Amino acid sequence: MLIGQGYDAHRLASGRPLVLGGVRIPHDQGLIAHSDGDVLIHALCDALLGAAGLGDIGRHFPDSDPALAGIDSRALLRRTLALVQAQGLKPHNADLTVVAQRPKLAPHVDRMREILAADLGLASQRVSIKATTTEGMGFAGRGEGIACYAVVLLSE
Ligand code: MG
């Protein structure tokens, strides 16, 4: 068994769509990034790469690559899974914690789990997504950005 953890954070700004866990969420702000800014998927990719000893998402998908501008992060997730599988490894489960003051994410969590599980080839019960605020503390609490922590388990 190989465990991996990942973390990512992006800044919120007006005039951007908010995409988390592959779900477009109605909100007055979205995340600034070279890709679609799906911080949840980016943390998950880093956890997968970490468990496999393959570095980080920036090494495989640099934000200097014009081909990745605005890319759907689900494509990055599927490419990350392919890198992991090429090492003879497969994921067993993922556990994610999204840190956001707003919007309320609970109505979207089940759909996110279905999407991520489909991309990882897992049952949706094997993909856990939890959401928390920080009770107004720090950058997430002030609504400056959204962060996500991820843990995954791989086996050979
Ligand atoms: Mg990112």
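Among 59, 16, which is more than 18 Å from residue 113 (Cα to Cα), modelled with pLDDT of 95 or more and not hydroxyl-bearing (Ser, Thr, Tyr)? Can you show your working first?
Details: 16 fails: modelled with pLDDT of 95 or more.
After ruling out the rest, the residue left standing is 59.
Tell me whether segment 102-112 contains one or more residues that are charged (D, E, K, R) and open to solvent by less than 60 Å² (accessible area, probe 1.4 Å). Explain how you work it out, then say what you get.
Going residue by residue through segment 102-112, those that are charged (D, E, K, R) are 102, 104, 110-111.
After this cut, where a residue has to be open to solvent by less than 60 Å² (accessible area, probe 1.4 Å) as well, the list is none.
Among the residues of segment 102-112, not one is charged (D, E, K, R) and open to solvent by less than 60 Å² (accessible area, probe 1.4 Å), which makes the answer no.
Identify, from the list 54, 89, 105, the residue that is away from the ligand (no atom under 14 Å from the Cβ), touching an Asp or Glu at 6+ places or on another chain (Cβ under 7 Å) and hydrophobic (A, V, I, L, M, F, W, C).
89
Looking only at segment 30-51, count every residue that is more than 8 Å from the chain's Cα centre (by Cα) and of a type in the set (A, V, I, L, M) and tell me the total. First the steps, then the outcome.
Pass one, segment 30-51, residues more than 8 Å from the chain's Cα centre (by Cα): 30-37, 46-51.
Now restrict to residues that are of a type in the set (A, V, I, L, M): 31-33, 47-49, 51.
Number of matching residues: 7.
I'm checking my understanding of the structure. Among residues of segment 23-51 that are within 9 Å of the ligand (Cβ to nearest atom) and free of Cβ contacts under 8 Å to residues at least 40 places away in the same chain, which one is nearest to residue 82 (Cα to Cα)? Steps first, answer last, please.
Applying the first criterion (within 9 Å of the ligand (Cβ to nearest atom)) to segment 23-51 yields 31, 33-35, 37-39, 41-43, 45-46.
Remaining after also requiring free of Cβ contacts under 8 Å to residues at least 40 places away in the same chain: 33-34, 37-38, 45.
Values: 33: 23, 34: 22, 37: 21, 38: 19, 45: 11 Å.
Step by step, filter segment 23-51, then rank; the result is 45.
Does at least one position in segment 69-82 carry a residue that is more than 14 Å from the chain's Cα centre (by Cα) and not small (Gly, Ala, Ser)? Steps first, answer last, please.
In the first step, residues of segment 69-82 are kept if they are more than 14 Å from the chain's Cα centre (by Cα); the result is 69-70, 82.
With the extra rule that they be not small (Gly, Ala, Ser), the set shrinks to none.
Within segment 69-82, none of the residues are more than 14 Å from the chain's Cα centre (by Cα) and not small (Gly, Ala, Ser).
The values are calculated or read from the model by the stated rules, or taken from the named source; none is laboratory data. The shown structure was predicted, so the numbers you read here are calculated from the model rather than taken from an experiment. Glycine gets a Cβ as well: all are built from the backbone with ideal geometry, and neighbour counts include every protein chain shown. Remember, those area values only see protein heavy atoms, side chains included, never the ligands or the DNA or RNA. Shrake-Rupley method; radii C 1.70, N 1.55, O 1.52, S 1.80 Å.
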